[in-house]
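Okay, so here's the structure we're looking at.
The values are calculated or read from the model by the stated rules, or taken from the named source; none is laboratory data. In this text, all values refer to a predicted model and were calculated from it rather than measured experimentally. Methodologically, a virtual Cβ is constructed for each residue, glycine included, from the backbone with ideal geometry; neighbour enumeration extends over all protein chains shown. The protein model used for the area step is the full one, side chains on, heavy atoms only, and it has no ligands, DNA or RNA in it. Shrake-Rupley method; radii C 1.70, N 1.55, O 1.52, S 1.80 Å.
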Amino acid sequence: MGLQNETPKNTERIEIKLREALESGLVSGSVKKALEEFWEWYDWRYVMPVTIVKEGDYITLYVYYDITEELETCEKACIEHARNELAEDEYSEEDIAGGCYDSCMDDIGRDINEDFGEIRRYLFKCLDRHGLKYDWEDSWDYNTRYLAVDIKL
């Protein structure tokens with residue numbers, strides 16, 4: 001339990017799209033300049049959502065992409081192609097489905113990983129150019145590829 005005359009910490013959590021955060025003045029100074037540079041480069045190259053979560057004295061920038069729909073489309077096309085090309089008794093349905101999943105996941109994952117590598121490198125270049133301190137995580141959460149960057153305000 002806190003002391004009665006203790007000043008409450010600013011724990012308000014705001015989640016907003018990057019473009020709206022820049023337009024609304026949610027971020028300012030060097031952080032705003034760096035993110036404007038990044039957004040100007042990013043906006044016409046990619047359609048993946050970019051959001052900002054502001055909490056206390058830092059913001060977290062999230063770039064993410066869910067491949068579920070793309071993966072399902074690829075798998076269906078692969079299975080259909082395999083059914084047309086292979087003899088019925090050559091492979092089981094499970095073998096075909098498993099092979100198609102692996103193949104599609106490899107292809108789509110490789111492409112998305114390349115995109116995220118390019119995004120990460122450009123974002124970090126912008127943040128470094130403006131002398132900002134940040135931590136980051138770049139990974140997969142099931143079928144969602146994400147980059148999360150904590151930036152000190």
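For this structure, a couple of remarks:
- Within the range 123-147, the set of residues being under 16 Å from Y46 (Cβ atoms) and in a strand (DSSP E or B) comprises D138, T144, R145, Y146, L147.
- Leading residue by the ranking (nearest to the chain's Cα centre (by Cα)) among those in the range 25-40 that are open to solvent by less than 80 Å² (accessible area, probe 1.4 Å) and within 15 Å of V53 (Cα to Cα): L35
- Y42 of a type outside the set (D, E) and either at pLDDT 95 or above or touching a strand residue (DSSP E or B) at 6+ places or on another chain (Cβ under 9 Å) (or both): yes
- Residue in the range 61-68 that is in a helix (DSSP H, G or I), open to solvent by less than 60 Å² (accessible area, probe 1.4 Å), of a type in the set (S, T, N, Q) and within 20 Å of S139 (Cβ to Cβ) present: yes
- Answer from A97, A87 - the residue that is surrounded by 15 or more Cβ atoms within 10 Å (Cβ to Cβ), at pLDDT below 95 and more than 12 Å from the chain's Cα centre (by Cα): A97
- Number of positions in the range 130-142 that are modelled with pLDDT under 95 and open to solvent by less than 40 Å² (accessible area, probe 1.4 Å): 0
- Residues (within 20 Å of R120 (Cα to Cα) and out of contact with any Leu (no Cβ under 8 Å at 6 or more places or on another chain)) located in the range 8-41: K17, R19, K33, E37, E40, W41
- Candidates in the range 44-60 are the residues that are among the aliphatic types (A, V, I, L, M) and not in a strand (DSSP E or B); of these, the one that is most open to solvent (accessible area, probe 1.4 Å) is V47.
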